[in-house]
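Colleague: Submitted below is the structure of interest, expressed as structure tokens.
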Amino acid sequence: MKVILEQDFESLGFEGDTVEVARGYARNYLIPKSIAVEATNANLKALEMRKDKIMAKRMKDKEEAQRVKEKISGVTVTIKQKAGAEGKLYGSVTTRDVAQELEKEGIVVDRRKISLDEPIKSLGEFDVPIKLYPEVQANIKVVVEPEEEQS
């Protein structure tokens, strides 16, 4: 079934794209959640009318992502965690922790855009990519240090 995306959807495409999906997926998930509409003649004509606005929005979003990239490129975030004798963390550092530390620096990034294959479970320095927009990616350095013991 052909549908027109009403918003960017990571696994399918961008707003305004016409994609082919399974009928059940469209009827039970995409259409009820207003992620997509059925690609009827009327909806395709309406899409043509909105094409310029969609392209302008994409350019604006990409420019904003470029500005954020310039702001955070080369930023080093230090996170203190409790650690054992061999440098293993008792917990782990997740995307939420990285996003919170960036927020303390005055940089707001959605934690879902931070790409950690798996949580950090040891002390050290790590390069963490942040996918700000499909063609725009920034890297930050995350330093995990042991938390000082309080006596």
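Colleague: With Rg/Rh (Cα atoms, Kirkwood Rh) defined as stated, name the option among [x] 0.93; [y] 1.14; [z] 1.09 computed from the structure displayed.
Modeller: [y]
Colleague: A further question follows. What length, rounded to one decimal in nm, is gained on full extension from Phe14 through to Glu148, with 0.36 nm per residue of separation minus their alpha-carbon distance? Intermediate results must be reported in sequence, preceding the final value.
Modeller: Details: separation 134, 0.36 × 134 = 48.24 nm, distance 4.64 nm.
Here the segment from Phe14 to Glu148 would lengthen by 43.6 nm.
Colleague: Treating the beta-carbon of each Lys and Arg as +1 and of each Asp and Glu as -1, no other charges, what is the dipole magnitude of the chain about its Cα centre, to the nearest 20 debye? Can you show the working numbers first?
Modeller: Details: 26 positive and 28 negative charges, 148 e Å.
For the chain, the charge dipole is close to 720 debye.
Colleague: Once the Cβ-Cβ distance between Asp110 and Ser34 is put in as r, and R0 is 22 Å, what FRET efficiency do you end up with, to the nearest 0.05? Spell out each step's value before the answer.
Modeller: Values: r = 20 Å, r/R0 = 0.90.
Computed FRET efficiency for Asp110 and Ser34 comes out at 0.65.
Colleague: Here is a follow-up. Suppose every K and R has +1 on its Cβ and every D and E has -1 on its Cβ; what is the size of the dipole of the range 2-61 about the Cα centre, in Debye to the nearest 20? Walk me through the intermediate numbers first.
Modeller: Details: 11 positive and 10 negative charges, 34 e Å.
With only Lys, Arg, Asp and Glu charged at Cβ, the dipole is about 160 debye.
Colleague: What spacing in nm lies between the two simple spin-label points modelled at Arg50 and Arg67, each 7 Å away from Cα in the Cβ direction?
Modeller: Calculated label separation equals 2.5 nm.
Colleague: Follow-up question, since we're still on this one. Of all DSSP beta bridges located in the chain, what percent are antiparallel, nearest 5?
Modeller: Values: 20 of 26 bridges.
The antiparallel fraction comes to roughly 75 percent.
Colleague: Projected onto the charge dipole of the chain (+1 at Lys/Arg Cβ, -1 at Asp/Glu Cβ, origin at the Cα centre), which of Thr94, Leu12, Gly84 gives the Cα projection farthest towards the positive end?
Modeller: Value: Leu12.
Colleague: Hey, another quick one. When the label point is put 7 Å from the Cα of Phe126 along its Cα-to-beta-carbon vector, which residues of the range 64-100 have a backbone N closer than 13 Å?
Modeller: Taking a point 7 Å out along Cα→Cβ of Phe126, the residues of the range 64-100 whose backbone N falls under 13 Å are 77-81, 88-99.
Colleague: Amide H of Ala39: which non-local residues (sequence gap of 5 or more, or other chain) have their own amide H closer than 5 Å, using H built in the peptide plane?
Modeller: Lys2, Val3, Ile4
Colleague: Another question about this same structure. Quote the charge dipole size of the range 76-151 about the Cα centre in Debye, to the nearest 20; the model charges only the Cβ of Lys and Arg (+1) and of Asp and Glu (-1). Let's see the in-between values first.
Modeller: Details: 11 positive and 15 negative charges, 53 e Å.
Around 260 debye, computed over the range 76-151.
Colleague: Here is a further query. If you average 1/r over all unlike Cα pairs in the range 71-146 and invert the result, what Kirkwood radius do you get in angstrom?
Modeller: Working: mean 1/r = 0.0794 Å⁻¹.
12.6 Å is the Kirkwood radius here.
Colleague: Additional query: Non-local amide H neighbours of Ile31 (under 5 Å, H modeled in plane, Pro and chain starts lacking H): which ones?
Modeller: Ala36
Colleague: Then there's this: Kindly state, to the nearest 0.05, the FRET efficiency for Lys57 paired with Met1, given R0 = 22 Å and r defined as their beta-carbon distance.
Modeller: Working: r = 26 Å, r/R0 = 1.17.
Efficiency, rounded to the nearest 0.05: 0.30.
Every number in this text was worked out from the coordinates using simple rules, so none of it is lab data. Remember, it's a predicted structure, so these values are computed and weren't measured experimentally. Note that each Cβ is placed from the backbone with ideal geometry, even for glycine, and that neighbours are counted across all protein chains shown.
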